Amino acid sequence: MLPSPQHLPSPAPRSQRRRRLAVAALAGALALAAGGFAVSAQDNSAGASARIVAVGGAITEVLYALGLQDKVVGVDTTSQWPPEALKEKKSVGYVRALSAEGVLSLRPTLVIAVEGAGPPDALALLRESGTPIADVPEAFTADAVVNKIAVIGKAAGAAGPAQALAERVREAFVALDAQRARLPARKRVLFVLSTQNGRTMVGGRNSTADGIIALAGGINAAAAVEGYKPMTDEAIINAAPDYIVMMRHTAAHGSSADELFAAPAFSQTPAAKTKALIRMDGLYLLGFGPRTPDAARDLMGLLYPEAGIAVSDAGKAYAAP
Amino acid sequence: MGAILEARDLAFSVRGAALVRSASLALETGQMTIVVGPNGAGKSTLLKLLTGEIAPSRGEVRLEGEPLSATPAWQLACRRAVMVQNQKLAFPFSVYEVARLGLEGVGRAQGRAQKDAIVARALDTAGVIGLAERQYQTLSGGEQQRVQFARALCQLEAGRSLAQRQVLFLDEPIASLDLCHQLSLLDAAREIAAQGAAVLVVLHDLNLAVTYADRLVVMHEGAIVAQGEPSAILDDELLRGVFRVSLSFSRLPPAGQPFLLPQQHLSGLGSVVPMRAAGG
Amino acid sequence: MSLAIKPAAPSGVEALARLAAGRRQRNLVTVLVLAGFCLLLLLLSLGAGAFAIAPGRVAEILLAKLGLAPQALLDGREALVVLNIRMPRLLLGALVGAALAISGALMQGLFRNPLADPGLVGVSAGAGLAAAATIVLGDRLLAGMALKLPFAALPFGAFFGGLVSTLALYLIATRNGRTSVATMLLAGVALGALAGSLTGLLAYLSDDRQLRDLTFWSMGSLGGASWTKLSAVAPIVLPLVIAVPFLARGLNALMLGEAEAYHLGIPVQRIKAIAIVLVALSVGASVAAAGVIGFVGIVVPHLIRLSVGPDHRLLLPLSALGGAALLVGADIVARLVVAPAELPIGIVTAFIGAPFFLWLLLRRGRIAEI
């Protein structure tokens with residue numbers, strides 16, 4: 001048998017590595033245990049009064065408008081108005097990616113969810129737990145908004161005040177209709193969702209943008225496409241919009257009117273002549289909640305300055321360049 | 001008993017190029033057969049044909065009378081073990097584990113203690129038992145070769161209980177070994193042959209081949225140009241023709257052990273008159 | 001009479017036997033520690049969550065379900081949360097984690113490369129394409145029939161997609177009964193690219209809503225776990241976990257190379273075929289049930305190899321345990337960190353896995369040829 005000098009350094013023997021792994025594992029487990037039970041130990045004691053979870057930006061808006069905010073214990077991430085909603089209330093995640101256990105942990109007595117909330121598994125589990133879920137239908141018309149308010153109010157047990165609010169909103173829409181009837185030639189409006197990656201996403205027919213443009217008395221220049229879709233440069237030129245409308249917080253980042261109209265597609269549009277770009281807050285414009293008549297009127301005022309429609313301070317504030 | 005392995009009229013071509021042309025040979029138990037030849041002569045291809053790794057384009061190989069193509073891998077594994085060159089492993093095995101791989105196929109039925117014993121003895125024979133706990137990756141090329149030898153030995157040992165006669169194939173087993181280990185490995189191979197197995201070794205070193213071979217097989221350009229007892233088949237003309245070197249074939253006292261000395265390197269044209277070596 | 005392998009010096013054999021025994025003991029300890037750790041995590045997963053339930057109450061509910069305590073204890077939301085939300089979720093997490101880890105180990109054995117990942121074979125991409133198609137086109141196709149898309153459509157669609165891509169892969173890579181690993185790898189890359197581009201096309205055609213759904217699905221989530229989903233996934237994954245150790249020997253021998261494995265008596269083509277099918281099934285089922293979850297197949301087998309070595313007899317079962325533990329642990333994090341919302345689990349595993357992967361690349365040459 002030949003002796004073999006171990007002149008080559010050998011790596012750490014496996015036993016040492018194993019010990020290290022075991023210690024790490026144990027420490028990890030203990031940390032998890034501490035953390036897990038700490039969270040579990042949160043006080044979630046439910047009060048005797050109603051606890052509502054609102055899923056959908058418009059839902060939250062209506063509840064606050066009805067003065068029911070004290071009853072709201074949780075909102076989803078699209079509930080951006082009023083601003084204190086997401087700050088004060090617990091977030092249950094994105095409207096289409098809810099966590100059943102998360103919602104249940106708020107011990108709700110009622111969940112008001114806009115049509116399209118999900119995932120379906122989570123909603124099924126909520127129903128199974130006996131939590132009442134009020135489904136609110138979604139559509140992008142004046143009647144739909146009025147209906148929404150009524151449905152939400154009824155579900156939340158404030159049918160009376162909701163009727164009043166719905167009535168006010170309906171009257172605002174009626175006034176809007178009258179103003180719209182007096183408009184001169186209709187203008188073509190293109191709603192641009194984003195211009196990232198060189199792709200222009202526009203709001204086609206049956207989208208929320210389509211709805212608000214119609215209410216504001218404009219013609220949707222992108223009616224040829226369905227929903228929010230990309231549009232080629234040539235199609236944009238063909239659409240010949242008189243105005244471009246974008247969301248204020250959109251990251252057409254730093255895309256001022258100058259930058260936007262410098263792009264080849266937009267530079268050939270009628271809108272380019274007057275650098276006609278309107279930017280408004282996204283939820284205000286597209287949320288289809290109680291503020292919609294105001295938003296539509298503000299948009300109308302901006303589109304048809306000659307019509308002399310007063311743009312509200314809020315509208316002006318939101319229409320920041 | 002007939003030859004344990006018989007190959008008849010083997011040929012193998014790839015895309016029109018013939019790597020082996022019309023090779024026939026027989027391996028007998030108790031004998032060490034060594035295959036020699038220059039680069040590209042087809043030695044490794046012949047080995048692959050004999051082990052069943054590749055199927056011949058023509059001819060057949062029979063092990064214990066049964067054609068290789070008709071024998072399931074498991075049965076083949078009991079009867080023959082193969083050691084090849086250049087074994088790189090992608091994962092960190094220890095030397096012990098590599099040798100033990102030889103038992104994954106046929107050694108299934110062995111008990112744990114038996115397996116350990118076989119591995120220990122094989123590692124010892126290959127001279128690497130002191131490296132048993134080392135990582136295979138960290139060994140030198142020569143040490144890795146010896147571990148592979150041990151692995152083949154493990155397989156042979158395990159198959160012993162299931163097969164009457166066995167063959168051991170070694171493809172250039174001493175390529176990276178130093179002289180001392182070259183000799184001890186070939187000694188071990190010869191012992192195995194003496195114990196009743198048939199051993200086939202592919203070698204480059206003519207002197208070692210001539211020293212250890214009971215039968216020598218000389219290959220040239222895909223064909224077997226000579227086979228038989230070394231002193232009987234080797235002569236100047238053959239050596240010149242095959243190896244393109246002028247060699248003198250001598251015998252050393254006292255046993256008359258054959259010994260080859262290069263006289264002059266032939267550049268391809270013209271010939272050199274071979275000088276008669278002293279002694280012999 | 002044994003061959004010429006000479007009887008070694010007794011001290012040599014004994015020393016070796018002692019070393020082997022010591023190693024086996026240490027491995028046993030590792031197995032027990034890992035199993036215990038896994039069990040601990042399962043219990044933790046049952047007890048922790050956004051919905052606060054006292055540990056005692058959890059125990060009561062479990063006992064009641066087993067019939068060892070009054071059934072009245074099963075009333076109420078707490079029981080629902082424990083039995084219908086947390087329990088299927090942790091079981092699904094354990095199964096998916098085990099399946100992904102074993103698939104990783106199988107792939108690495110098959111390709112003899114520590115970086116091989118189930119995603120390479122194109123199965124994940126195929127499953128992803130099927131899921132995208134289900135999300136984007138499903139409503140449209142069924143609208144004509146005035147039907148609504150059943151909830152289970154997505155998982156089954158994804159599984160079907162994974163299976164189809166595996167069959168395509170196998171047919172491309174197998175000739176005359178021989179499967180070429182290199183061809184398979186390239187074909188997997190090509191199929192993955194094709195599936196990816198078709199998925200991109202679908203994303204292009206989707207509306208905003210569908211795009212969001214696609215995005216969330218591609219980040220993985222155990223949130224949709226239910227007993228129904230579990231009953232669809234378990235029959236595929238459990239046999240995998242049980243059958244896989246039978247491949248261990250063949251995979252060990254395959255480490256030396258296909259020719260060598262053949263010489264050792266292993267039915268190489270059969271092992272490869274079985275391994276491929278098992279990988280496809282398990283990855284397809286996992287992706288179908290929980291979306292795309294990455295890095296489990298790379299991280300877990302590697303850690304196991306570091307502690308007990310590359311012998312597949314230990315590697316495969318321990319990878320299953322390790323994968324289950326990793327995913328259940330990651331799920332606990334995903335559920336608690338932004339409670340009452342939850343993080344997609346693919347993000348948590350990527351957070352753990354990506355740095356690990358980089359570390360692996362940086363330390364190459366010390367352990368293995370990568």
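Just so you know, all these numbers are worked out from the coordinates, no wet-lab data involved. Owing to the predicted nature of the structure, the values given are computational and were not obtained by experimental measurement. No Cβ is skipped: glycine too gets one built from the backbone with ideal geometry, and neighbour counts run over all protein chains shown.
Restricting to chain B, what percent of DSSP beta bridges are antiparallel, rounded to 5?
Bridges in chain B that DSSP calls antiparallel: roughly 60 percent.
How big is the stretch B:1-156 by Rg and Dmax over its Cα atoms, in Å?
Cα radius of gyration and Dmax of the stretch B:1-156 are 17.4, 51 Å respectively.
For the protein assembly as shown, give me the percentage of DSSP beta bridges that are antiparallel, rounded to the nearest 5 percent.
Taking every DSSP beta bridge with both residues in the protein assembly as shown, the antiparallel ones total about 45 percent.
Among DSSP bridges having both ends in the stretch A:102-238, what percentage is antiparallel? Round to the nearest 5.
45
Do the alpha carbons of any pairs in A:154/C:65; A:154/A:229; A:154/C:229; A:87/A:154; B:43/C:272; B:88/C:229 sit beyond 32 Å of each other, and which pairs?
Correct reply: A:154/C:65; A:154/A:229; A:154/C:229; B:88/C:229.
Quick one: dipole size for the protein assembly as shown, taken about the Cα centre, charges +1 on Lys/Arg Cβ and -1 on Asp/Glu Cβ, in debye to the nearest 20.
Charge dipole, the protein assembly as shown, about its Cα centre: 1000 debye, nearest 20.
When you look at the Cβ of every residue in B:178-189, what mean number of other chain Cβ atoms sits within 10 Å?
Average neighbour count from other chains, rounded to a whole number: 1.
Given H placed on each backbone N at 1.01 Å, which residues far from residue A:207 in sequence or on other chains put an amide H within less than 5 Å of it?
A:227
Among A:125, A:165, A:137, which residue has its Cα furthest toward the positive end of the charge dipole of the stretch A:109-210, with +1 on Lys/Arg Cβ and -1 on Asp/Glu Cβ?
A:165
For chain C, what class follows from the C-alpha gyration tensor (a ≥ b ≥ c being the square roots of its eigenvalues): rounded when a/c is under 1.5, otherwise prolate if a/b is larger than b/c, else oblate?
In terms of gyration-tensor shape, oblate.
Peptide B:102-113: average number of partner chain Cβ atoms within 10 Å per residue?
Partner Cβ neighbours, averaged per residue: 4.
Give the cross-link partners of residue A:275 among the aspartates and glutamates, using a straight C-alpha distance below 18 Å as the criterion and excluding same-chain residues fewer than 8 apart.
Hits, sequence-local ones excluded: A:233, A:242, A:258, A:259, A:306.
Scan the stretch B:79-141 for trypsin sites (Lys or Arg not before Pro) in coil per DSSP, keeping those whose Cβ has at most 12 other Cβ atoms within 10 Å, and list them by number.
Those that pass, being in a loop and sparsely packed, are B:88.
Under 5 Å between amide H atoms, partner at least 5 residues away or on a different chain: which partners does residue C:338 have, H built in plane at 1.01 Å?
So residue C:338 has HN proximity to C:343.
With θ taken as phi - 60° and the coefficients 6.51, -1.76 and 1.60, list the Karplus ³J(HN,Hα) couplings across the stretch C:303-309 in order, rounded to whole Hz; mark glycine and proline as x.
Once rounded to whole Hz, the list reads 4, 5, 4, 5, 9, 10, x.
For the stretch B:5-164, what is the charge dipole size about the Cα centre, in debye to the nearest 20, if Lys and Arg each add +1 at the Cβ and Asp and Glu each add -1 at the Cβ?
Approximately 240 debye in magnitude.
Give me the Kirkwood hydrodynamic radius of the stretch C:234-370, using the inverse of the mean 1/r over all pairs of distinct Cα atoms, in Å to one decimal.
This gives a value of 16.7 Å.
Report, to the nearest 10°, how far helix C:153-173 tilts away from the longest principal axis of the Cα atoms in chain C, using its own Cα long axis and a range of 0 to 90°.
30
Applying the Karplus parametrisation 6.51 cos²θ - 1.76 cosθ + 1.60 with θ = phi - 60° to the phi angles of the stretch C:39-49, what ³J(HN,Hα) value in whole Hz is obtained for each residue in order, glycine and proline being reported as x?
Once rounded to whole Hz, the list reads 4, 4, 5, 4, 5, 4, 4, 6, x, 10, x.
Compute the helix-to-body angle for C:87-111: its Cα long axis versus the longest principal axis of chain C, expressed 0 to 90° and rounded to tens.
Roughly 40 degrees between the two axes.
So if I average 1/r over every pair of distinct C-alpha atoms in the protein assembly as shown and take the inverse, what Kirkwood radius in Å does that give?
The Cα-based Kirkwood calculation yields 33.7 Å.
For the stretch B:209-266 and the stretch B:20-90, what is the separation of their C-alpha centers, rounded to whole Å?
Distance between centres, Cα-based: 23 Å.
Would you kindly derive the ³J(HN,Hα) couplings of the stretch B:154-161 from the backbone phi angles with the Karplus curve 6.51 cos²θ - 1.76 cosθ + 1.60 (θ = phi - 60°), listing them in order in whole Hz, with x for Gly and Pro?
Once rounded to whole Hz, the list reads 4, 5, 4, 4, 5, x, 4, 6.
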